[in-house]
Amino acid sequence: MDEEYDVIVLGTGLTECILSGLLSVEGKKVLHMDRNDYYGGESASLNLTQFFRKFRPNQSPPTDLGRDRDYAVDLIPKFIIASGELVKILVHTDVLRYLEFKQIAGSFVYKNGKISKVPSTEVEAARSPLMGLFEKYRAKKFFEFLQGWKEEDPATHQGLNLDKDSMRKVYQHFGLEPGTQDFIGHALALYLDDDYINKPARSTYERIVLYTTSMARWGKSPYIYPLYGLGELPQSFARLSAIYGGTYMLDKPIDEIVLNKDGSFEGVRSGEETVRAKMVIGDPSYFGAGKEAEGGKLRVVEDGKVVRAICLLKHPIPGTEESDSVQIIIPQNQVNRRNDIYIAMVSSTHKVCADNIYVAIVSTIVETSAPENEIQPGLHLLGSIYDKFVTVSPIYTPVADGKQDHIYITRSYDATSHFETVVEDVFDVFKRVMGKDLELKKRESDVEQ
């Protein structure tokens, strides 16, 4: 490791792998290192042996779960929005050619003790139990307003200003009930909590348009998912980096971030070897996350926690029309919480587990000192659970932008059910590193189902 690089990237999570791929394409000489012997970091997909080694190191996987190689169990539960920013990056970089996708079969929402399908057609909307007859009429007027909105035509604005008026005012304008507001804000706009209601309506409008255009691509649901698990995403971007000259080292311990006398980044030490570069990019775990500040320098702070329960089932989730894959959103108001609870389920159809096994992950932002109790409403919806693996993960945020010391730290994975915030972090870090915006080329996407 006696060469010098433009960039060292630490950790092979999706954020880091996208960045290493993009920077390699930009002509940067990139060295990418990970302490683990597999790609993906916290966004990895593990086979059965790796999965049990991580959660129950003293226990072998039960034989009735099937073959080890049939499994690719995700550590975080996220789906890809079909018209979202991650798909645009996949198209821009041509990484799509390394991946195969399958649509998620359905999206459901919890209301008044029951789960109901988020309507994907006018017929489903007319039959949906989520709203009464008159409320459906009011909601129809609301969606017609969104669909007909033209920036340059005040006649379509109905006296509302999306940049000034709050979402609360928009809801009131159409007389929408609290339950309908929950449905729109959480099942369509995909907000984690209700803070958005008192903010300008523009962002909510854009989120709903993203959801509906994603739904319109194929119907049924707005989400797609890569065959063989989410871990395929970072591996595909790693392949892109390698094509453009990037170097990868897995199973490489990172013992020290070496600094110059002025406190700026100089290199990374692994054992007796030190490799140097102009800058470093990495996930928070490589920069003191969860530990005392190294040398008095605090680089990341904890900004909440996420509890996740990875559950193995031997049946589809009850009440989901026997779907092989679903998302279920439990809006916070339905269970007297501040944050929503999410359920993401995939199955052997997606090449992530053996036949007749279903993998469901229940997650939320931690609000109390008893995190597992907080996800009980979600666990209750799963029916009989064969096995359950619970984690509580801190969400870390960097304290500095990295421009001064050339240390650029990414954010932990949040509790959202999609990758849009991950892509926001990619855009942000790329601009700080390169001094320019990431411009995505417009091409026709070819995401095969």
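A compact table of results
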read-out: In degrees, nearest ten, helix 202-218 long axis to first principal axis of the chain (Cα); value: 90 degrees
read-out: Accessible area per residue, Å², region 119-218 with all protein chains present, probe 1.4 Å; value: 54 Å²
read-out: Region 358-412, relative contact order in percent, only Cα pairs under 8 angstrom and at least six apart counted; value: 24 percent
read-out: Share of carbon and sulfur in the accessible heavy-atom surface of the chain [1.4 Å probe, %]; value: 46 percent
read-out: Loop-located trypsin sites (Lys or Arg not before Pro) in region 121-177 whose Cβ has at most 11 other Cβ within 10 Å (DSSP); value: Lys150, Lys164
read-out: GluC sites (Glu not before Pro) restricted to region 297-369 and DSSP loop, no more than 13 other C-beta within 10 Å; value: Glu321, Glu322
read-out: Region 119-218: C-alpha gyration tensor shape, a/c 1.5 cut-off, then a/b vs b/c; value: rounded
read-out: Contact order relative to length of region 119-218, as percent, for alpha carbon pairs under 8 angstrom and 6 or more apart; value: 28 percent
read-out: Protection proxy ranking, peptides 278-287, 198-207, 328-337, average beta carbon neighbours within 10 Å, highest first; value: 278-287, 328-337, 198-207
read-out: Leading residue at positive end of dipole, the chain (Cβ point charges), from Phe265, Pro394, Gly219; value: Gly219
read-out: Prolate/oblate/rounded call for region 71-151, Cα gyration tensor, a/c under 1.5 rounded; value: oblate
read-out: Overall form of region 341-449 per C-alpha gyration tensor (a/c, 1.5; a/b vs b/c); value: oblate
read-out: Nearest-ten-degree value, helix 133-148 long axis tilted from longest Cα axis of the chain; value: 50 degrees
read-out: Helix-derived mean residue ellipticity, 222 nm - over the chain, DSSP H n ≥ 4, -39500 (n - 2.57), to 500; value: -7500 deg cm²/dmol
read-out: Within straight-line cross-link reach of Lys199, aspartates and glutamates at Cα separation under 16 Å, skipping those fewer than 8 residues along the same chain; value: Asp163, Asp165, Asp182
read-out: Within straight-line cross-link reach of Lys441, lysines at Cα separation under 18 Å, skipping those fewer than 8 residues along the same chain; value: Lys88, Lys431
read-out: Residue pairs, from the table Lys305/Lys351; Lys141/Lys169; Lys261/Lys403; Lys28/Lys278, whose Cα atoms sit over 20 Å apart; value: Lys305/Lys351
read-out: Among Leu210, His157, Cys17 the positive-end extreme of the charge dipole of the chain (Cβ point charges); value: His157
read-out: For the chain, size of Cβ-based charge dipole, Lys and Arg +1, Asp and Glu -1, in debye; value: 900 debye
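The values are calculated or read from the model by the stated rules, or taken from the named source; none is laboratory data. Because the structure is a prediction, the values reported are computed rather than measured. No Cβ is skipped: glycine too gets one built from the backbone with ideal geometry, and neighbour counts run over all protein chains shown. Surface accessibility is based on the protein's heavy atoms, side chains included, excluding ligands, DNA and RNA. Shrake-Rupley method; radii C 1.70, N 1.55, O 1.52, S 1.80 Å.
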